[in-house]
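Notes to accompany the following structure.
The values are calculated or read from the model by the stated rules, or taken from the named source; none is laboratory data. Computed from a predicted model, the values in this text were never measured in an experiment. Ideal geometry is used to build each Cβ from the backbone, glycine not excepted, and the neighbour counts take in all protein chains shown. Ligands, DNA and RNA are stripped out before the accessible areas are found, and what is left, the full protein with its side chains, is counted by its heavy atoms. Shrake-Rupley method; radii C 1.70, N 1.55, O 1.52, S 1.80 Å.
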Amino acid sequence: MVSHEEIDSPPFFSHGIVELTDRSTDFVVISLVSAVMAAIFITDALTSLDIAVAVLYVLVIMIAMRSFSAQGIGLLTLACTCLTLAAFFNSHDNLLCAAFARCLVSLVAIAIAGWLAVTTKQFSDRLQAQLKLLAQTHDAIIVCTIDGSISGWNLGAHTLYGWSEGEAKNRKCWDLLNTRSSTPLPVIKDELLTNGYWEGELMETTRTGKEVIILSRWSLYKDSSGRPQAILASNNDITDERRAEEALHRSQTELAHVSRLTMLGELGTSIAHEVNQPLAAITTNAEAALRWLRRTEPDLNEAQAAMERVSSNARRACEVILRIRAWTRKSIPKYELLDIEAVLTDSLTLLDREIYHHRVNIIRYAEGRSLHVSGDPVQLQQVVINLIMNGMQAIEFADGRTRDIHVRTRHRDQTIVVEIEDSGSGIGEENKAILFDAFFTTKENGMGIGLCICRSIIEAHGGAIWGECKEKQGATFSFTLPALTQIPET
Ligand code: ADP
């Protein structure tokens, strides 16, 4: 693990005269500056050359830029100015006017060189500071050439992947990190070259062989003529978040399964009725067929008709059992093309006995257009059954009203909306905000997980669910699902 404190404090914050970055270089620079200054001063003050020797102080300022801070360069410029003036006053030149002109030229040159050096130094200090601050980021920043060779590797990348900058540089990024993605790499590169940007998830391997899930954002750097020069990738390790999401998803699936089993228990009478009805019809029709066949003159037509009824009832019983098996199976959701009207019909079939028992009228309104969605049929039935069961229970609480549940389906923009409106007790103002919270219940034997599971199912399908109430006039629970406008061919 590499600590971010290991980085030197940025020169932006340094106010010394000399920036002590590399002591041996600094020593050489200081010695050189002192020696050249001394040589120029001696030549300027003690000889009577007819040239502006002091102009050479410009060289001193240039050399100092290597190691001096902006403040140090400013002070050095001042020292050079003073030495130039001292040499002028010390000079015994007979032609005072010429000496003054040379001194003036030198002072102007020193001032301009000093000003340029200070401003350049300040600019480069700011740039350096920004670069160092950027290096402090916990994101792994990698710069690659277009063909994928690593040219930049910050501390975050070192921390995340384990390779130091020196080890990573010039290696092929995708080979070093064993980059894998659900989108092929050439497709990613094409998108980057077209849009200048790409963002997505990658699987990569660190130096220790650990697999990590990375959220990667790539930007394309182009030169002034628009030619792609480099790729800047900013990477974040999201392995823990993804694992936590997967665990949450697994527990939600488990909870949904438990809730389905509980619901099946509650629907026991309906289910027994659903299975018993066709079984009774099979027995009756089989016996009738036998009677037609045992006649002295067997009536084959009647026997055939009875056997056809046996067959169709057997199919119906099979369908019910299959549906119940699907409900009890603990499987990960399987998305398929569904007509939402068929989902409602199947759910109402399972609820048949409950509806009869609660003496509730189900009134359905459909748009007539096809209402196709992509979804898991068992999970969506679970939502519908949950909402209708809640509606029926709310009607029980509210005696003396009409016992109607209106089920509406319609298109709205790009979604399909399903509304289940009851004439029950309604939702108290104080409960509106917590309706979908886990374990919120106002029922004596309620578990308070039904609506919470409905929400997680609908959100996993890319939709939304909410409840509204007209005080003392019942409640309306609605959910949306993304509409499939183009039905895939099967
Ligand atoms: P449970 O049915 O076990 O209480 P739910 O999560 O399905 O759990 O419902 C939570 C609570 O929301 C219910 O206890 C009830 O107070 C309220 N609620 C749900 N549906 C309705 C409805 N149709 N009318 C009035 N209140 C409702």
**Report entry** MRE, 222 nm, helices only [DSSP H, n ≥ 4, -39500 (n - 2.57), over the chain, to nearest 500]
**Finding:** -17500 deg cm²/dmol
Query raised in the report: Between the range 119-176 and the range 183-251, how many Å separate their Cα centres?
Result: 16 Å
Report summary line: Phi angles of the range 442-449, converted by Karplus (6.51 cos²θ - 1.76 cosθ + 1.60, θ = phi - 60°) into ³J(HN,Hα) in whole Hz with x for Gly and Pro, give 10, 9, 4, 10, x, 9, x, 10
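Applying a 10 Å radius around every beta-carbon, put 210-220, 337-347, 295-305, 154-164 in order of their mean neighbour count, most first.
Details: 210-220: 16.5, 337-347: 18.1, 295-305: 11.3, 154-164: 20.5.
Going from most to least packed, we get 154-164, 337-347, 210-220, 295-305.
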**Report entry** Gain in span if fully extended, residue 227 to residue 311, counting 0.36 nm per residue against the direct Cα distance
**Finding:** 23.0 nm
Query - Karplus-derived 3J(HN,Hα), 6.51/-1.76/1.60, for each residue of the range 365-373, Hz, glycine and proline x - result: 10, 10, 6, x, 6, 6, 10, 8, 9
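Please pull out the direction-averaged projected area of the chain, using the convex hull of its alpha-carbon atoms, in nm² to one decimal place.
Numbers: hull surface 162.8 nm².
Averaged projected area of the chain's Cα convex hull equals 40.7 nm².
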Query raised in the report: Which order do peptides 97-107, 383-393, 63-73 fall in by mean Cβ count within 10 Å, highest first?
Result: 383-393, 63-73, 97-107
**Report entry** Calculated SAXS-style log₁₀ I(q)/I(0) at q = 0.10, 0.15 Å⁻¹ - the range 387-490, Debye, Cα scatterers
**Finding:** -0.31, -0.65
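For the pair residue 286 and residue 441, what calculated FRET efficiency results from E = 1/(1 + (r/R0)^6), where r is the Cβ-Cβ distance and R0 = 41 Å, to the nearest 0.05? The partial results should precede the final answer.
Details: r = 47 Å, r/R0 = 1.14.
So, using R0 = 41 Å, E works out to roughly 0.30.
Using a Förster distance of 56 angstrom, determine the FRET efficiency expected from the C-beta separation of residue 370 and residue 101, and round it to 0.05. Please list the in-between numbers first.
On the way: r = 96 Å, r/R0 = 1.71.
Taking R0 as 56 Å, the efficiency between residue 370 and residue 101 is 0.05.
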Report summary line: Relative contact order in percent for the range 312-377 (Cα pairs under 8 Å, 6+ apart) equals 52 percent
Query - Cα-centre dipole for the range 338-392 with unit charges at Cβ (Lys and Arg positive, Asp and Glu negative), debye to 20 - result: 200 debye
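Give me the percent of the accessible area of the chain that comes from carbon and sulfur atoms, probe 1.4 Å, all protein chains in place.
Numbers: 15780 of 27300 Å².
Its accessible area is 58 percent carbon and sulfur atoms.
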Query raised in the report: Is the range 114-161 rounded, prolate or oblate when judged by the Cα gyration tensor, a ≥ b ≥ c being the square roots of its eigenvalues, rounded requiring a/c under 1.5 and prolate requiring a/b larger than b/c?
Result: oblate
Requested in this report: Assuming a ≥ b ≥ c are the square roots of the Cα gyration tensor eigenvalues, decide whether the range 222-304 counts as rounded (a/c under 1.5), prolate (otherwise, with a/b larger than b/c) or oblate.
Outcome: oblate
Requested in this report: Starting from the amide H of residue 238, placed 1.01 Å from N in the peptide plane, find each other amide H under 5 Å away whose residue is 5 or more places distant or on another chain.
Outcome: 213, 214, 215
Query raised in the report: Given labels modelled 7 Å from the Cα in the Cβ direction, how far is it in nm from residue 295 to residue 89?
Result: 14.4 nm
Report task. Please give the length that would be gained between residue 24 and residue 181 if that part of the chain were fully extended, namely 0.36 nm times their separation in residues minus their C-alpha to C-alpha distance (nm, one decimal). Result -> 51.7 nm
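Can you tell me the accessible area per residue over the range 378-490, all protein chains present, probe 1.4 angstrom, in square angstrom? Could the numbers behind the result be given before it?
Values: 5440 Å² over 113 residues.
Here the residues of the range 378-490 average 48 Å² of exposed surface.
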Query raised in the report: Which of the lysines could a cross-linker bridge to residue 121, judged by Cα under 21 Å and excluding same-chain residues fewer than eight apart?
Result: 132
**Report entry** Residue among 252, 270, 226 farthest towards the positive dipole end of the range 181-275, charges placed on Cβ
**Finding:** 226
Requested in this report: Could you pull out every one of the lysines with an alpha carbon less than 23 Å from that of residue 189, ignoring same-chain neighbours closer than 8 positions?
Outcome: 169, 172, 222
**Report entry** Cα-centre dipole for the chain with unit charges at Cβ (Lys and Arg positive, Asp and Glu negative), debye to 20
**Finding:** 480 debye
Requested in this report: Take peptides 110-118, 417-425, 199-207 and line them up by average Cβ neighbours within 10 Å, highest first, as a rough protection proxy.
Outcome: 417-425, 110-118, 199-207
Report task. Could you work out, for the range 68-115, what percent of all Cα-Cα pairs fall into each 5 Å distance bin, beginning at 0 Å and stopping at the bin that holds the largest distance? Result -> 5, 23, 27, 20, 12, 8, 4, 2
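Is the range 143-254 rounded, prolate or oblate when judged by the Cα gyration tensor, a ≥ b ≥ c being the square roots of its eigenvalues, rounded requiring a/c under 1.5 and prolate requiring a/b larger than b/c? Don't jump to the answer; show the numbers that get you there.
Details: a/c = 2.53, a/b = 1.49, b/c = 1.70.
Taking the square roots of the gyration eigenvalues as a ≥ b ≥ c, the range 143-254 is oblate.
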